[in-house]
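The structure under discussion appears below in the form of structure tokens.
Here, each number is a calculation from the coordinates, and none is a lab measurement. Being a predicted model, the structure only gives us computed values, none of them experimental. Cβ: placed from backbone, ideal geometry, glycine included. Neighbour counts: every protein chain shown.
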Amino acid sequence: MKQNKYLLFSLLFVTLPQSVGVGTPSAAITVGVQDPIAQTGCIALTTSSPTGKFSSSATNWNPVTVLTMNKGTSNRSFFYKDSTSGGHTLKATFALKPTSVTDSCASWAQSEWGSVLRATQSITIGTSSQTTQATSTSTQTTASVASTNTASQTLTIKITTQPTVVVGAGSSFTGLATNSHGSVGADTRYIWNFGDGSIQEGSSAFHTYSYPGTYNVMLSAGSGDKAGVGRVVVQVVSAKIGLLTQLDGSVLISNQSSRELNIGLWNISSGLSSFQIPPDTLVSAGQSVRFSPEVMHMVAGADTVLKYPNNFVAPTVSLPAQETSSPGSREFSAKNSPTSGTVVPPYIPDELVSASASAKVADNAPTLWPYVLGALGLILIGAGLFYKKNPMKKVTNRAVDEFDI
């Protein structure tokens, strides 16, 4: 079938992953195929976020879900914005429209799309500026492998990701394939194998592991007659995280696991407010970190939860409060937190401390009830003695003639 002939090409995200502010349009995001297409192509766009929106223009925003790639072209750009912070996955599905279909791409039912190509890419929502990396460089692991005997036929593969990730949290993976001259082919195709049975296509991917363990992540890339394979080992752990909301509106997060924990790009959410933790915020094993209301620009309440970058709620354990040597201190100190993960109690304002002390004094004050009861007893005894000395004369009924007139 003629349509399948052209679908031998691959669909890729040409632009790198972005980080944009909440509600802010992204820079242009481009998907492309290997060669110019000989007939009209249709691109369906979806996102893992329920609040994400696409548009063909950043200035004249008009939400769309299907775009058209014109005949003779090989790529199409669009823009994205989202009101939900965190890491999300964008998915593009491409199909060539048969000449027999007269409907536009938006009207052509996707259930009728025959052979399709798919590509995914991650995007991070919640930062004030755009970057070209899905994750920060300080905690990334990179690996490169050259896999053929002839240098002209070898691609060097570089993988960038975090070496340790949390079960259910999701993590970004970025790959780059270069030839012997250090250049990247525009037709390079990337295939990810995450070691848990999951496969994705594209230079960047966002993947969530369901179970802890050690996984070998493989990235295969091909460009013309050149190919290469890269590998990186990722340790997936089940983090033990404690969460405690303080009376002053601050939030204390405790790492109760035996490994250092990177909570960068996680979110602290309370009601309609949310604070994204800066990239590469590290919490040592058995230690805690406390975020003040001034830093978060919000006051945490009883409904406060911790969310992963993929916007899923992170399971947390309750943290017991304990006495501290400085109850007026608003700052977290590692000296007050043993390695077991026990944390400082909520900060108590001086006014409440004074009121509590006054209440204790009042509770310890002598009561007046014994004196009241003693006085009442003396009154009753006195009344009894008076009655004994002056008894009331008893009057009996007598005949009328017994009285003197």
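Okay, here's what the table says:
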{"item": "Förster radius 51 Å - calculated FRET efficiency between S238 and D103 (Cβ-Cβ, nearest 0.05)", "result": "0.55"}
{"item": "D (Stokes-Einstein, µm²/s), Kirkwood Cα radius, region 268-318, 1.002 mPa s at 20 °C", "result": "177"}
{"item": "FRET efficiency, 1/(1 + (r/R0)^6) with R0 45 Å, evaluated for Y211 and V116 via beta carbons", "result": "0.90"}
{"item": "Simple spin-label estimate for D280 and V305 in nanometres, 7 Å along Cα-Cβ", "result": "3.1"}
{"item": "Inter-label distance for E294 and I379, nm, one decimal - labels placed 7 Å from Cα along Cα-to-Cβ", "result": "6.1"}
{"item": "Extension gain, V317 back to H181 (0.36 nm per residue minus Cα-Cα distance, nm)", "result": "43.8 nm"}
{"item": "G195 long-range amide H proximity, modeled H, under 5 Å", "result": "M218"}
{"item": "Sorted peptide list for 201-214, 113-126, 48-61, 68-81, criterion being average Cβ within 10 angstrom, highest first", "result": "113-126, 201-214, 68-81, 48-61"}
{"item": "Cut-off under 5 Å, modelled amide H: who pairs with T24 long-range", "result": "D82"}
{"item": "Per-residue ³J(HN,Hα) for region 59-69, Karplus 6.51 cos²θ - 1.76 cosθ + 1.60, θ = phi - 60°, Hz, x for Gly and Pro", "result": "8, 10, 5, 9, x, 9, 10, 9, 10, 10, 9"}
{"item": "Solution diffusion estimate, µm²/s, Stokes-Einstein, region 43-88, Kirkwood Rh from C-alpha pairs, 4 °C, viscosity 1.567 mPa s", "result": "111"}
{"item": "Intensity falloff of region 2-125 expressed as log10 I(q)/I(0), Debye formula with alpha-carbon point scatterers, at q = 0.10, 0.11, 0.12, 0.19 Å⁻¹", "result": "-0.30, -0.36, -0.43, -1.00"}
{"item": "Extension gain from D35 to S258, taking 0.36 nm per residue of separation minus the Cα-Cα distance", "result": "75.2 nm"}
{"item": "Listed peptides 260-270, 22-32, 100-110 by packing density, highest first (mean Cβ within 10 Å)", "result": "260-270, 22-32, 100-110"}
